[in-house]
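Worksheet: the structure to be examined is printed underneath.
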Amino acid sequence: MAVIFKKTSGLTDAQTHYCPGCTHGIIHRLVAEVLEEMDVVGSAIGVAPVGCSVLAYNYFNCDMHEAAHGRAPACATGIKRVNPNNTVFTYQGDGDLASIGAAEIVHAANRGEKITVIFVNNTTYGMTGGQMAPTTLIGEKGTTCQAGRDPELHGYPIRISEMLSTLTGARYIERVRVDTPAEVRKAKKAIRKAFEVQMAGLGFSMVEVLSTCPTNWGKTPVDALQWLRDNMVPYYPVQNFKDIDIEAALAEKAAKEEK
């Protein structure tokens with residue numbers, strides 16, 4: 001019998017700890033499938049953050065490194081520089097990347113570090129109970145903003161992709177979502193392109209994935225997906241913010257090296 005779909009070898013057989021309806025599992029599978037299809041599972045090195053995906057080292061079937069809170073880009077920088085032929089990626093949530101790790105992600109992108117970042121944005125601190133994150137939307141409630149985020153008190157939600165796309169060292173930045181099968185396919189395409197940019201040695205790449213947190217949002221999995229569409233997408237538009245023609249960039253790079 002022909003196999004139509006099977007579990008990717010990029011993931012282990014460990015049962016994940018994620019809450020029902022959380023889309024971390026989908027994103028894990030997409031990253032793992034891309035690594036498998038590009039035949040780099042054996043040479044990939046991932047960096048797990050602090051947050052809901054702190055146990056990612058149990059799930060990805062490649063070498064993994066655990067980073068201190070927010071420091072995944074710094075760890076990935078060191079790993080990539082001493083292992084330039086390996087495929088290095090970080091997998092980070094918004095509390096990790098956009099808050100305590102804001103300096104690390106900005107400077108890694110600005111330096112053009114040849115790493116790939118998978119940034120999962122669910123607008124909340126998921127693991128620690130739903131505190132307000134840098135990405136929490138205006139009016140959205142959290143344990144530390146029980147009346148809803150007030151820009152006069154808390155500032156505005158940070159659009160990380162838009163910000164990083166202004167940096168010269170960032171070569172590929174795209175925001176995707178995983179709330180429908182069609183959007184999942186688009187997300188996988190973006191993740192593959194991000195890894196291709198790294199493997200071509202062209203610089204920093206990041207894919208931001210809009211995700212759900214039914215538990216801390218206090219919604220069913222189905223309602224959480226609709227809340228993402230109705231509230232997150234208008235503020236965090238799904239689009240490519242910085243693209244690169246890999247073949248043209250490689251040709252330009254070769255021409256400069258010949259001079």
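The values are calculated or read from the model by the stated rules, or taken from the named source; none is laboratory data. In this text the structure is predicted, and so the values were computed from the model without any measurement. Here Cβ is always computed from backbone atoms with ideal geometry, including for glycine, and neighbour counts include all displayed protein chains. Note: accessible area is taken over every heavy atom of the protein model, side chains too, but ligands, DNA and RNA are not part of it. Shrake-Rupley method; radii C 1.70, N 1.55, O 1.52, S 1.80 Å.
Here are some notes:
- Condition broken by GLY155, with the remaining ones in (1) touching an Asp or Glu at 6+ places or on another chain (Cβ under 8 Å); (2) small (Gly, Ala, Ser); (3) without any contact (Cβ under 8 Å) to a residue 24 or more places away in the chain; (4) within 18 Å of SER99 (Cβ to Cβ) satisfied: (1)
- Scanning segment 1-44 for residues that are open to solvent by 70 Å² or more (accessible area, probe 1.4 Å) and aliphatic (A, V, I, L, M), we see that the one that is farthest from TYR57 (Cα to Cα) is MET1.
- Only one of the listed residues (VAL176, VAL207, VAL120) is β-branched (Val, Ile, Thr), open to solvent by less than 10 Å² (accessible area, probe 1.4 Å) and within 18 Å of GLY70 (Cβ to Cβ). That residue is VAL120.
- Filtered residues of segment 20-32 (kept if outside any helix (DSSP H, G or I) and under 23 Å from GLY101 (Cβ atoms)): CYS22, THR23
- Test for LYS253: is it assigned to a helix (DSSP H, G or I), of a type in the set (Lys, Arg) and either at positive phi or modelled with pLDDT under 95 (or both): yes
- LEU35 more than 18 Å from ALA187 (Cβ to Cβ), modelled with pLDDT of 95 or more, of a type in the set (A, V, I, L, M, F, W, C) and part of a helix (DSSP H, G or I): no
- Some residue of segment 77-84 being in contact (Cβ under 8 Å) with a residue 40 or more places away in the chain and buried (at least 18 other Cβ atoms within 10 Å of the Cβ): no
- For LYS186, the criteria (1) within 15 Å of the chain's Cα centre (by Cα); (2) farther than 19 Å from VAL41 by Cβ; (3) buried (at least 17 other Cβ atoms within 10 Å of the Cβ) hold in every case but one, which is (3).
- Checking LYS186, LYS193 one by one, the residue that is outside any loop (DSSP other than H, G, I, E, B), within 28 Å of GLY218 (Cα to Cα) and either of a type in the set (Val, Ile, Thr) or touching a strand residue (DSSP E or B) at 6+ places or on another chain (Cβ under 7 Å) (or both) is LYS186 and no other.
- Scan of segment 231-250 for residues that are assigned to a helix (DSSP H, G or I), farther than 24 Å from GLN92 by Cα and without any contact (Cβ under 8 Å) to a residue 40 or more places away in the chain, ordered by number: GLU247, ALA248
- Filtered residue count, segment 210-226, keeping only those that are crowded, with 19+ Cβ neighbours inside 10 Å and not aliphatic (A, V, I, L, M): 7
- Within segment 123-170, tally of residues that are among the aromatic types (Phe, Trp, Tyr) and crowded, with 17+ Cβ neighbours inside 10 Å: 1
- Residue match in segment 46-56 (condition: in contact with a Leu (Cβ under 8 Å, 6 or more places away or on another chain), over 16 Å from VAL88 (Cβ atoms), open to solvent by 30 Å² or more (accessible area, probe 1.4 Å) and in a helix (DSSP H, G or I)): no
- Screening ALA67 against (1) free of Cβ contacts under 8 Å to residues at least 24 places away in the same chain; (2) within 27 Å of THR124 (Cα to Cα); (3) open to solvent by 40 Å² or more (accessible area, probe 1.4 Å) leaves a single unmet condition, (3).
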